[in-house]
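What follows is one structure encoded as structure tokens, with my remarks underneath.
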Amino acid sequence: MRSHSVSLKMWALAAHAALIPLAILTLIPFVWLLTASLKSTDDFFSSMFLPAGDGPLGIAWGDLTLEHYNRLFFELGIGRALLNSVFLSSTTAVLATLACAAGGYALAHLRFAGRGLVTTLVLAALIIPPPLLLAPTYQLLYELGMLDSYTGLILPALAPAFGVFLFRQATLQSVPRELLEAARIDGCSEIGIFFGVVLPLVRPMVGAFILITFLATWNNFVWPQVVLQTAEKFPLSVAVSQLKGVYRQDYGLLMAGTVVSVLPPAALFMLLQKEFISGLTAGAVKG
Amino acid sequence: MSGRAREQGSFAAYMLAAPFLGVFLLFVVVPLARAGVLALMQTYGPQDSRFVMLRNFTSLVQDPLFWRAVGNTLVFTAASVFIQLPLALGLAMLLNRPGLRGRGAYRLIFFSPQLMGLVFVAMLASIIFEKRSGLLNQALHAAFGTSLDFPWLQTFVMPTLIITTLWMYVGFNMVYFLAALQNVDQTLVEAASIDGAGPWARFVNVTLPAIRPVASFVVLLSIIGSVQLFELPYVMLNATAGPANRGLTIVMYLYQSGFETGDLGYASAIGWVLALMLVGFAAIQLRLARSEAKA
């Protein structure tokens, strides 16, 4: 028994001996990103992480600077792109979630002509690689006069086959038919039933899908790059990548732009992590 | 249910399904159909177009740039499946040791690169892999005395992309494997161990069959994602395909053809080849999964 627990401890030690260096290796790029964004251009080239000096820990803390952030916000107007990203991501996330939840519920529980055909089309659409639709959608948006508009960017993103499929499965599993019948007998309208009965029952999935869609829209590059033309409308993904073309050697500036782009979604994920994971596992357990 | 009630139900059903249905028809079904027509055309921007029938496809077959793109994409995909996924599984097995402390913290750390979008990872990586001023060459120089001028982004573009996506996706895939491993019946593993099976035999005969459904799902996801690689090399290589097109991928070539050259028809033809490849991969994968399940 004793030798068993000793060997378990040895195993744990060996596992940590492998895991700790790997964890450090994973975190180094983040540390480097943050320090690079806080260093003057001279210090960027003369130090790997933080500039050496005679402050605490042998680091010249006083040499760190917010000049890159100042330039981003006060000269280059990155605040505009930040607001654009917030607007595009939250609008798309909320509207797509509502459209997919309502559509998925209708496919799962309501009768209407063409339901079978739509279900088949949705399943088939799961395999379509989005790049295949890039050129025809661009042409369509041109014909509809929606190029260079947020409508042209948001509207096509509101009906992902994947989302409808998820909500179809979720409502099939967690919305009992008897409950819907009972609500109907009580005189609830179908729209009332959707908002009052169905949405609360799939709440974990709603939370997870809003978060997934928000992150995906925030990080989306190809569609805004193709649809938008006016610089004032660019979200961070396009605006920051274009900085790279203009300020190629200005590493501190580019890294500060990256920090600004990455912090909001990371903070959101950390805040909603519990909700997110419970949503995913709820789907998995019931699946 | 009375006829009247069914009618009302059906009207409400249309109301609820309408937003999704409308957008799905207009922006998925219609573009898909138009992609079929566009692939038979040559265009100059969104307006000027003429039918060329199958010429786009015969041109693709003879287009060395297209083959370059296919080759690069397949190399990257193979690396994702055969390097990245085994590492993810290994990491998950390390974390799955019973009684390991700090599992949650490790899992969050390894997953964290996933929180950066590909574009922003590309921004960061393009400077880390820079000659002289980049972190990687400086660290390698300090540790092993290698050259500060090692040309990652100039000559070794594919290895650079593969290393970058290792950082980004190993932890992501590990989360799936870890969840699967935690559902493996430990009594089976112990029984095999009592029967004298070594670690490798236990892995092959007990663990692997138990996680097979999740593993084939992860393989398929990884292939689907890898085949569509675009923004990572595009942003890392400053909106180009890199020296000698070393970073050209299928979707990058689609983008260049459609939105730099302005030929939406050629871009659509490339899109169809991409779709066909994905369907092929999915079919092969499904067949493999089935035959293995039988065996």
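The values are calculated or read from the model by the stated rules, or taken from the named source; none is laboratory data. Just so we're clear, the structure is a prediction, and the values are computed from it rather than from any experiment. For neighbour counting, all protein chains shown are included, and Cβ atoms are generated from backbone atoms with ideal geometry for every residue, glycine included.
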| field | When residues of the stretch A:124-145 are limited to those that are within 7 Å of chain B (Cβ to nearest Cβ) and outside any helix (DSSP H, G or I), the one farthest from B:Val37 (Cα to Cα) | value | A:Ile127
| Among the residues listed as A:Leu166, A:Leu147, the single one being surrounded by 17 or more Cβ atoms within 10 Å (Cβ to Cβ), under 22 Å from A:Leu236 (Cα atoms) and not basic (Lys, Arg) | A:Leu147
| request: State which residue is farthest from the other protein chains (Cβ to nearest Cβ) when the search covers only the stretch B:239-267 and only residues that are touching a residue at least 60 places away in the same chain (Cβ under 8 Å) and farther than 18 Å from B:Arg68 by Cα. | output: B:Gly262
| query | Taking the stated definitions as given, is B:Ala282 part of a loop (DSSP other than H, G, I, E, B) and either on the phi < 0 side of the Ramachandran plot or not hydroxyl-bearing (Ser, Thr, Tyr) (or both)? | reply | no
| query | Just one of the numbered conditions (1) on the phi > 0 side of the Ramachandran plot; (2) at pLDDT 95 or above is not true of B:Gly102; which one? | reply | (2)
| said: For the structure I just gave you, tell me whether A:Pro51 is closer than 19 Å to A:Glu67 by Cα and out of contact with any Phe, Trp or Tyr (no Cβ under 6 Å at 6 or more places or on another chain). | reply: yes
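Output yes when any residue across the stretch A:176-196 is away from chain B (no Cβ under 11 Å) and within 26 Å of the chain's Cα centre (by Cα), and no when none is.
no
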| query | How many residues does the stretch B:73-108 hold that are free of Cβ contacts under 8 Å to residues at least 24 places away in the same chain, more than 23 Å from B:Leu208 (Cβ to Cβ) and under 20 Å from the mean Cα position of the chain (by Cα)? | reply | 1
| query | Among the listed residues A:Phe269, A:Phe167, which satisfies the condition of being modelled with pLDDT of 90 or more, part of a helix (DSSP H, G or I) and of a type in the set (Phe, Trp, Tyr)? | reply | A:Phe167
| note | Those residues of the stretch B:60-69 which are surrounded by 16 or more Cβ atoms within 10 Å (Cβ to Cβ), more than 16 Å from B:Ile162 (Cα to Cα) and touching a residue at least 60 places away in the same chain (Cβ under 8 Å) amount to B:Leu60, B:Phe66, B:Arg68
| task | Considering each residue of the stretch A:13-50, count those that are among the hydroxyl-bearing types (Ser, Thr, Tyr) and either within 7 Å of chain B (Cβ to nearest Cβ) or free of Cβ contacts under 8 Å to residues at least 12 places away in the same chain (or both), and give that number. | result | 3
| said: For the stretch A:209-267, give me each residue that is under 30 Å from B:Pro46 (Cα atoms) and free of Cβ contacts under 8 Å to residues at least 12 places away in the same chain. | reply: A:Ala216, A:Ala231, A:Gln242, A:Lys244, A:Gly245, A:Val246
| message | Regarding the stretch B:140-157, can at least one residue be identified that is surrounded by fewer than 18 Cβ atoms within 10 Å (Cβ to Cβ) and either farther than 25 Å from A:Ala36 by Cα or at the interface with chain A (Cβ under 9 Å from one of its Cβ atoms) (or both)? | response | yes
| Mind checking which residues of the stretch A:191-205 are surrounded by 21 or more Cβ atoms within 10 Å (Cβ to Cβ) and either within 30 Å of A:Met255 (Cα to Cα) or in contact (Cβ under 8 Å) with a residue 60 or more places away in the chain (or both)? | A:Phe194, A:Val198, A:Val202, A:Met205
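Every residue, every condition in (1) closer than 28 Å to A:Glu232 by Cβ; (2) touching an Asp or Glu at 6+ places or on another chain (Cβ under 9 Å); (3) surrounded by 16 or more Cβ atoms within 10 Å (Cβ to Cβ), yes or no:
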position	(1), (2), (3)
A:Ala60	no, yes, no
A:Phe74	yes, no, no
A:Leu82	yes, no, yes
A:Ala93	yes, no, yes
A:Ile127	no, no, no
A:Leu132	no, no, yes
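Is it fair to say A:Ser85 is under 22 Å from the mean Cα position of the chain (by Cα), within 14 Å of chain B (Cβ to nearest Cβ) and assigned to a helix (DSSP H, G or I)?
Yes.
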| message | I'm trying to understand the selection: among the residues of the stretch A:1-55, which are within 16 Å of B:Leu100 (Cβ to Cβ) and outside any helix (DSSP H, G or I)? | response | none
| note | Log entry, pairs with first residue in the stretch B:111-126 being free of Cβ contacts under 8 Å to residues at least 40 places away in the same chain, second being assigned to a loop (DSSP other than H, G, I, E, B), beta carbons closer than 8 Å, six or more apart or on different chains, reads B:Gly117/A:Asn220; B:Gly117/A:Phe221; B:Leu124/B:Met116
| request: Please identify the pairs in which a residue from the stretch B:211-232 that is within 11 Å of another protein chain (Cβ to nearest Cβ) and under 13 Å from A:Pro131 (Cα atoms) has its Cβ atom under 8 Å from the Cβ atom of a residue that is part of a loop (DSSP other than H, G, I, E, B) and among the hydroxyl-bearing types (Ser, Thr, Tyr), counting only partners at least 6 apart or on another chain. | output: B:Leu229/B:Thr249; B:Phe230/B:Thr249
